[in-house]
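Student: Quick one: this structure, given as structure tokens, is what I'll be asking you about.
What follows draws every value from the coordinates through simple rules; no lab data is involved. As the structure is a prediction and not an experimental result, all values here were calculated from the model. A quick note on method: Cβ atoms are made from the backbone with ideal geometry, for glycine too, and the neighbour counts reach across all protein chains shown.
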Amino acid sequence: MAVIFPRWTNRLPLMLLGFVAAGGAFATFGVWYWFSPEFTDVGYAPVQPVAFSHKLHAGELGMDCRYCHSTVEKAAHAAVPPTAVCMGCHTQVLPKSPKLELVRQSYQTGKPIPWVRVHMLPDYSFFDHSVHVAAGVGCASCHGRIDKMTRVYQHQPLSMGWCLDCHRDPNKHLRPSNKVTQMDWEGSTQQVAYNPSKDPSRARRKDIAAHRDLMKKGHTIRVAKNPHDVVVNPPEHCSGCHR
Amino acid sequence: MKKDLQDPKYAAVSESAEVSVSEPQDAQTEPQAFWRSIEDKEGNPTFPASWDYEYTPDAQEIAEYTNVSRRQFLGLMGASAALAGVVSTGCLRKPVERILPYAKRPEELIPGKPLFFATATHIGNAVLGLLVESQDGRPTKVEGNPEHPMSYGATDVWAQSSVLDLYDPDRGQFPTHAQKQATWDAVFQALKGQLETLGKKGGEGLAILSEAIPSPTFHDLLATLKARLPKSRYFCYDTADTPQTSEGLAMAGAAETQVSYALNKADVILSLEYDFLGHEGDSVRQARLFAARRKIDKQMCRLYAVEGTFTTTGAAADHRLRVQSSQVGEFLGALVAHLAEQKHIAVEAGLLANLSKRAEAAKKTHGGDFAKWIPVVAEDLVAHKGRAAVMVGESQSKHVHALGALLNDALGNIGQDKPVQFFSKGNTAAAGSLLDLVASAFKGQVQTLIILGGNPVYNAPADVDFAKLLQRIPFSLHHSFYSDETSALTTWYAPMSHYLEAWGDLRATDGTTAIRQPLIAPLFDTISEIEMLSFVAGEASNKGHDLVRAYWKKTVGDVGFEGKWRAWLHDGVIDGTREKVKGVSVKASKLVDAWGGSPEAVSKGNSFELRFVLDNKVHDGRFANNAWLQELPDPMTKLTWDNAALLSPKTAAALGVSNGTWVEISIQGRKAEMPVFFAPGIAENTIALPLGYGRAWGRVSKGCGFNTYPLRSSLTMYHAKGASVKKLDKENYELASTQEHGRLEEPITGRSRKDAIFRELPLAGYLELKEKNPGFMEDYELMPKNKIKSLWKEPNERGGHQWGMTIDLTSCTGCNVCTVACQAENNIPVVGKARVLKGREMHWIRLDRYYTGPVENPEAALQPVACVHCETAPCENVCPVAATAHSPEGMNDIAYNRCIGTRYCANNCPYKVRRFNYFNFNKENDEQNALLQMQRNPDVTVRFRGVIEKCSYCVQRVSEAKIYAKANGDGYVKDAYAFAKVNADGVEVVNATELKESVVPACAQACPSQAIVFGDINNPQSRVSQHKKEARDYAVLRELNIRPRTTYLAQIRNRNPKIAPKLQGKAAELLEGGVKPAKAGHAAHHGHDKHHDKSKGGQHDKGKSGH
């Protein structure tokens, strides 16, 4: 009698199990890896109601970021400018351009332009621009080369792990305070030469000094840092960002 | 280790159960001094069994709540899991969010940065200057204005919760005519028609009835109206206004004046049922000035309270005399008689004769403490002549007020730099009373009635049938914030703006006037009381802004007005409006007859005295629709969502009633049915009836409590004699009292834990102990310091800032404002009565109230408890997902998004301060009131279902200060109290809203008595560090070795040795027992000794060396 199931089929259930296990592991890995903001969020570039080009304004015209995002040094939000700021120039420059119809309308009616948010942090994360700017984190470090973007897209994952990477080792992302808005600073020779802990313009702040003194005295602090390199003291505990 | 185990002190803890069996408690030295309720004191085992559970077992509730059956629930779960799969595969992206910038951004506005505006509010004639936070144009949080002398930067529960009223969906939104929606045009047309008709007769038949509105512009408009229509009449009725006070002062020869107390100048205070720390007078100012003299390092004042009900003032008092309300006046009479007889003061012979006669009779009736108190209090008052204050409360008749003024005058307490200060009455319009209005209306003299604010149909005295009266008036207009019981019966209703929406001005007791500045345009189509009155008065402009400016331009002149106006708006007070203290000469002539006759009868046996009290939460009912206030536990009874007939346990026993038993209270043929609730400390045969509940209207207020107004007649506004009480045969009513929530197992070592949790000492004893043995607090501990061992390596976090808090129990007045301020700041939801009954209230701060002393006449102690931020927090170790973790600055953080709701942390928290979102309370609240979202603090996460929350030390404020310091300063957060300024009144004020580099949490900022202090304990100069160095600083539950960052400063009462009550519990042991040498030997013999830590603290080591 012919054997219906050849001998190798005995191993079939085992192989199946192996495939399922491997497949499951792969699927788990896949979700963990590819469903992270790095893959789902980076590159998000929604169409805006007004085709505002940062490439033109920040890049070619060389406008400083703070001309429009004027609250960045004072508040948590680097607020999108009011229409009045646009109209400050555009009553003179391209006053009749059809592309600016919505801007003119908004200025006349007082109704806001419904910009689409690109960088979306969850509501339970409380990010503050002012303190990052004060510490010398460049705009481009998080937002990328805005001066080269015709339509703004998300450049970094903005995930918690990504935040913490910098909070744990901030020094290499710091610049002198007058270079914060400079788009091409990163990768420049200046940057390579810059060592924030040797920067005399960074006054040794009291909290850091106190921190250092205590560590010298043998206090252990959960946030372990080399006291000689501490320039800023970003929080790494929950309530640093979650309130 | 072996040595430790053999140590009797150690054994006592590990084998405590065995101990309590083998060795019964020594009743002599181990009485439980502090107790929460009668059941608690008497060890009554009739607690509902569920109270012993950490969480009430109530799995069924989900079905009740969502109307979803178990099967449907499983189905839904499956469906949502499937849907989650679809979403997570990337088919759907996060929803698109819009950014809507201003088209033209207002000056000074930075999106996301709050602005503060100065304004003011009032209840009756009590004005409170405020700074209100505006988040992108939405008023979100109310703070006190440090420049305003009625606030000094603090607030009360009503001001804190008023922001919720602004977003109340039940508020009047459109005018109505005959209960149908109408337009404002129709209102004005109708009103105009009326005024034209009445104008022909000089305004005859026009009556205006308002609440007490201490606004100069309002009264100026009344004068304009009077000039235009001379025959029109103005009436005033306000339950918060007390005509008997001004009548009494008039009787004493100080007509047209009002009293303000500078309590920081008083060494001795005698409160005659004057709840000055609760709802009477300028309570915030009074609490601040009183607390200024309750700091131990300064000369501490002494407060005697004579009262019938148990108020928070009575709880704060050094001595409290419990007499029926009607007898409080007799006490004063007897006191004055005693002082005059002893020639300490001079009193007119006729009056003295009357007083003496009455005093004799009264003393004979009362005997006991009443008689004993008189010479003692008299002596103290005389010893502090010119530095004492005698304060008479609203419940007392004008005779008592007049006699109080006379006594203050005779003792030289009145005047500039004296505790009792008279100021002229500012509001000039002559007002008739409600009874005058009723009389005219029934004579047919009122054709048009305009009611500005108030709710007379609900809160008029029972003998005034206001509803019937309204039927007799052809044209009645109710202009008020709510369309309530009165609006339902008037021909017209017009909605009034909230105080945060309308221009106005408010004059405080001492004349200080503040511009009431709006923060937001009216949310609905409403106008203010000034605007309405201006229309009636025939003013050309009816815009509040113009009216207020016009009045002040008229008053101060045109020159430089614009600059002045801007300065007033900025400061919140009008410069130079504060008046000089008025000299008064008190005359006794009118008092002679008033004090003739025999004393007021004492209610006994089957006759009861009713005491109508304005509620600690809903006041006279005007705040009844405020869910924050309804859910706030009353500071004394801990009742939420209800009122009840409060009576003493003895009276209750005589009636055969228990908590929740229905009774029928009847007086002069008027009846009310309501449940009773035990309130130890109330005078016998007194039934306290909180007003303001039992509303027929309002989504929140309807169904809450019982209306007690029907028992209150115009002759017995505050207390009534001759009531009878009948027990009804009805099923008990369930009252939601939080007094037994979060109980601790005890006793743990045969001793009551509560005695170590709340510590109280008399001043003299404290000073003595401090001198002799600064470490005496150690003696309270259930576990000596050297016996405390840790299970793990202790954290050693001392770098940078280390946050901590102290709560001074001596200063705390139990006003509850911290709880509401916290609720407003931290987006804390309300849960409703049914869930409070299950112990699910969400307040981050609870106010624990303990009684101490005999059940019949106890003293009360109040202790606010929030998360204490333990250094070795037990909650953190048990969290399986590390959602609650420690910050390097010593804060116990929660990452809500990480929490999976196991509730292990709450289970393991010995203080029971963690709250769990059993349901999506915030979403429910939002569904019930869509406007509520406007109140939310954008700096604090709105918590969702299934997560734990608790006090965060206002981490959002800490973060803001740190960010500000890092971005603008030297990176170091400063102590707010280092910037405190002592103002011209000698009061220390902290301008917390201006100090961007400092942190003041919401509770500390609102606290009128500055009992709560927060700061960096790493900074030895900070106020909190200073407090922690005090000898009376202690940690609650220190025996658990969890090292709380919030510590308490023991309550010190400034006892008069002549009437000091017997010391109880640990205080007795420390001060009277002295060292008990026998105990050490005793302990050595008996391995199970419980009195292990009774040998003198600080000497433990020596005493122990024998082991």
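Student: Collect residues whose amide H, placed 1.01 Å from N in the peptide plane, falls under 5 Å from the amide H of A:H69; neighbours closer than 5 in sequence don't count.
Tutor: Under 5 Å from the amide H of A:H69 lies no amide H from a residue far enough along the sequence or on another chain.
Student: Then there is this: Which whole-number percent is the relative contact order of chain B (Cα, under 8 Å, 6+ apart)?
Tutor: Working: 2306 pairs, mean separation 171.8, N = 1107.
It comes to 16 percent, rounded to a whole number.
Student: Which Cα, out of B:I687, B:Q179, B:G1065, lies furthest along the positive dipole direction of the protein assembly as shown (beta carbon charges, K/R +1, D/E -1)?
Tutor: Farthest towards the positive pole: B:G1065.
Student: Ok, one more. Which angle from 0 to 90°, rounded to the nearest 10, does the C-alpha axis of helix A:206-216 make with the longest principal axis of chain A?
Tutor: So the inclination is approximately 40 degrees.
Student: Need one number for chain B: average projected area of the convex hull over its C-alpha atoms, nm².
Tutor: Numbers: hull surface 188.6 nm².
Computing the convex hull of the Cα atoms and averaging its projections yields 47.1 nm².
Student: Of the beta bridges DSSP finds with both residues in the protein assembly as shown, what % are antiparallel, to the nearest 5?
Tutor: Details: 74 of 126 bridges.
Bridges in the protein assembly as shown are about 60 percent antiparallel.
Student: Let me ask something else. Quick one: which of B:K1028/B:K1062; B:K226/B:K468; B:K425/B:K833; B:K564/B:K617; B:K357/B:K587 span more than 32 angstrom between C-alpha atoms?
Tutor: Long pairs (Cα-Cα over 32 Å): B:K425/B:K833; B:K564/B:K617.
Student: With no solvent and one point on each alpha carbon, what is the Debye value of log10 I(q)/I(0) for region B:154-258 at q = 0.22 Å⁻¹?
Tutor: Each listed q corresponds, in turn, to -1.24.
Student: Rounded to two decimals, what ratio of Rg to Rh does chain A give with C-alpha atoms and a Kirkwood Rh?
Tutor: Ratio of gyration radius to Kirkwood radius: 1.16.
Student: Charges on Cβ only, +1 for Lys and Arg, -1 for Asp and Glu, centred on the Cα centroid of chain B; of B:Q956, B:A645, B:T245, which one is farthest towards the dipole's positive end?
Tutor: B:Q956
Student: To the nearest 20 debye, what charge dipole does region A:61-132 have about its Cα centre, counting +1 at the Cβ of each Lys and Arg and -1 at the Cβ of each Asp and Glu? Before the final figure, lay out the partial values.
Tutor: Numbers: 7 positive and 5 negative charges, 68 e Å.
Using Cβ point charges on Lys, Arg, Asp and Glu, region A:61-132 gives about 320 debye.
Student: Report, largest value first, the span of the C-alpha coordinates of the protein assembly as shown along each principal axis, in whole Å.
Tutor: Taking the Cα atoms of the protein assembly as shown, the three principal extents are 119, 97, 83 Å.
Student: Taking the alpha-carbon set of region B:631-734, what are its Rg and Dmax in Å?
Tutor: Answer for region B:631-734, Rg first and Dmax second: 13.2, 38 Å.
Student: Determine ³J(HN,Hα), in whole Hz, for all residues of region B:512-526 in sequence, where each value follows from phi through the Karplus function 6.51 cos²θ - 1.76 cosθ + 1.60 and θ = phi - 60°; x replaces Gly and Pro.
Tutor: 4, 10, 10, 7, 8, 9, x, 9, 8, 5, x, 5, 10, 7, 10
Student: Add +1 for every Lys or Arg and -1 for every Asp or Glu among the other residues with Cβ under 12 Å from the Cβ of B:H719, and state the total.
Tutor: Overall, the nearby charge balance is -2.
Student: Among B:M842, A:M149, A:M15, rank each residue by its count of other Cβ atoms within 10 Å, from fewest to most, as a rough exposure measure.
Tutor: A:M15, A:M149, B:M842
Student: Now for a separate question. Provide B:H279, B:H366 in ascending order of the number of other Cβ atoms located within 10 Å of each residue's Cβ, fewest first. Let's see the in-between values first.
Tutor: Details: B:H279 26, B:H366 22.
Ordered by Cβ neighbours within 10 Å, fewest first: B:H366, B:H279.
Student: Using only Cα atoms, what is the ratio of the radius of gyration of region B:257-424 to 2.2 N^0.38 Å?
Tutor: Against the empirical 2.2 N^0.38 Å value, I get 0.96 for region B:257-424.
Student: Taking the Cβ of each residue in B:H570, B:H801 as the centre, tally the other Cβ atoms inside 10 Å and list the residues starting with the fewest. Please report the intermediate quantities before stating the final value.
Tutor: Details: B:H570 13, B:H801 25.
Least to most surrounded, the residues fall as B:H570, B:H801.
Student: Just how large is the dipole of the protein assembly as shown about the Cα centre, in debye to the nearest 20, putting +1 at every Lys and Arg Cβ and -1 at every Asp and Glu Cβ?
Tutor: Around 1980 debye, computed over the protein assembly as shown.
Student: What number comes out for the charge environment of B:R233, summing +1 per Lys or Arg and -1 per Asp or Glu over other residues with Cβ under 15 Å away?
Tutor: Cβ neighbours under 15 Å give a net charge of +3.
Student: In region B:871-958, what is the volume of the convex hull around the alpha carbon atoms, normalised per residue and reported in Å³?
Tutor: 97
Student: Going toward the positive end of the dipole of region B:257-424, with +1 on Lys and Arg Cβ and -1 on Asp and Glu Cβ, which of B:I374, B:Q421, B:I296 do you reach last?
Tutor: B:I296
Student: Give, rounded to the nearest 20 debye, the magnitude of the charge dipole that region B:173-307 has about its Cα centre when Lys and Arg contribute +1 at Cβ and Asp and Glu contribute -1 at Cβ.
Tutor: With only Lys, Arg, Asp and Glu charged at Cβ, the dipole is about 340 debye.
Student: Ranked highest first by average number of other Cβ atoms within 10 Å, how do B:381-393, A:32-44, B:306-318 line up? Spell out each step's value before the answer.
Tutor: Details: B:381-393: 22.7, A:32-44: 14.2, B:306-318: 27.2.
Highest mean packing first, the order is B:306-318, B:381-393, A:32-44.
Student: Run the reach check for A:K198 against aspartates and glutamates, Cα to Cα strictly under 20 Å, same-chain hits fewer than 8 apart removed. What comes back?
Tutor: A:D169, A:E186, A:D207, A:D213, A:D229, B:D970
Student: Still on this model: Quick one: if the Förster radius is 51 Å, what FRET efficiency do B:A1060 and B:V881 give, using the C-beta to C-beta distance and rounding to 0.05? The partial results should precede the final answer.
Tutor: Working: r = 54 Å, r/R0 = 1.05.
The formula returns an efficiency of 0.45 here.
Student: Turning to a different aspect of this structure: Tally the DSSP beta bridges in region B:431-567 and give the antiparallel ones as a percent, rounded to 5.
Tutor: Roughly 30 percent of the beta bridges in region B:431-567 run antiparallel, per DSSP.
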